[in-house]
Amino acid sequence: MSITVNGLDELKKLAGSDLGTSEWIEVTQERIDTFADATGDHQWIHTDPERAAKGPFGTPIAHGYLTLSLFIPLFTELLDVRGVTTKVNYGLNKVRFPAPVKVGSRIRLAARLTSVEDVPGGVQITVDGTIELEDGTKPAAVLQSLSRFYA
């Protein structure tokens, strides 16, 4: 379920709020292969199912940066900021990949809006996110993301 805010003042009121969890999405071999094609990272552990079956995880795994890139579409399920002209990914303070995402796994995002700070022309938000693995004992990724919204 998405939280919708209209403008920067409403966004500021959400500082410190839990944003909930996104829907589950499946990480398919096709998605992994498409990411490999886009980035040029065709390491066998991601793109060669036969060889990966004999590797340390018993199956292909998603690129860590593929998992990280899914933060944005999952995050947009949680928070819809309207009444702004521009939304910009500003960077990351930290990222860790505690568990691999095996092909066929489902992931979702749990997020908390930890802060909203004024910047020239807008605000910068800090989001603590955990990309969870369905039936996993550890998360696929833990991150702190920075985004800017301009009026």
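The values are calculated or read from the model by the stated rules, or taken from the named source; none is laboratory data. Remember, it's a predicted structure, so these values are computed and weren't measured experimentally. Please note: Cβ atoms are built from the backbone with ideal geometry, for glycine as well, and neighbour counts cover all protein chains shown. SASA here: full protein model, heavy atoms, side chains in, ligands and nucleic acids out. Shrake-Rupley method; radii C 1.70, N 1.55, O 1.52, S 1.80 Å.
If Rh is defined by the Kirkwood formula over all Cα pairs and Rg also comes from Cα, what ratio Rg/Rh do you get for the range 1-71? Write down the numbers at each step before the final one.
On the way: Rg = 17.8 Å, Rh = 14.8 Å.
Looking at the range 1-71, the ratio lands at 1.21.
The trypsin sites (Lys or Arg not before Pro) of the range 36-86 that meet both conditions, a loop assignment by DSSP and at most 14 other Cβ atoms within 10 Å of the site Cβ, are K54. Structural descriptor for the chain: relative contact order 31 percent, calculated from alpha carbon pairs under 8 angstrom and at least 6 residues apart.
Can you give the accessible area per residue of the chain, in Å², using a 1.4 Å probe? Intermediate values should be presented prior to the final figure.
Details: 8060 Å² over 151 residues.
Counting only protein heavy atoms, the per-residue value for the chain is 53 Å².
Count the DSSP beta bridges whose two residues both fall in the chain, then state the antiparallel fraction as a percent rounded to the nearest 5.
On the way: 38 of 42 bridges.
Around 90 percent of the beta bridges assigned by DSSP in the chain are antiparallel ones.
Near the amide H of I3, within less than 5 Å, lie the amide hydrogens of L79, D80, all on another chain or at least 5 residues away, with H placed in the peptide plane. Per-residue extension of 0.36 nm, minus the Cα-Cα distance of D48 and L146, leaves a gain of 31.9 nm for this segment. Taking the protein heavy atoms of the chain in the context of the full set of protein chains, the accessible area attributed to carbon and sulfur is 49 percent at 1.4 Å. Taking packing as the residue-averaged number of other Cβ atoms within 10 angstrom, the listed peptides 122-132, 27-37 run from highest to lowest as 122-132, 27-37. When the listed pairs K54/K94; K94/K138; K13/K138; K12/K94; K13/K87 are checked against a 28 Å cut-off, the alpha-carbon distance exceeds it for K54/K94; K13/K138. With a Förster radius of 41 Å applied to the beta-carbon distance between K12 and Y65, the computed FRET efficiency rounds to 0.85.
Across the range 136-141, rounded Karplus estimates of 3J(HN,Hα) from the backbone phi angles (6.51 cos²θ - 1.76 cosθ + 1.60, θ = phi - 60°) give x, 8, 10, x, 6, 7 Hz, Gly and Pro being marked x. Note that the range 89-104 has calculated 3J(HN,Hα) couplings of 6, 9, x, 9, 8, 7, 8, 9, 10, x, 9, x, 9, 6, 3, x Hz, one per residue in order, obtained from phi through the Karplus relation 6.51 cos²θ - 1.76 cosθ + 1.60 (θ = phi - 60°); glycine and proline are x.
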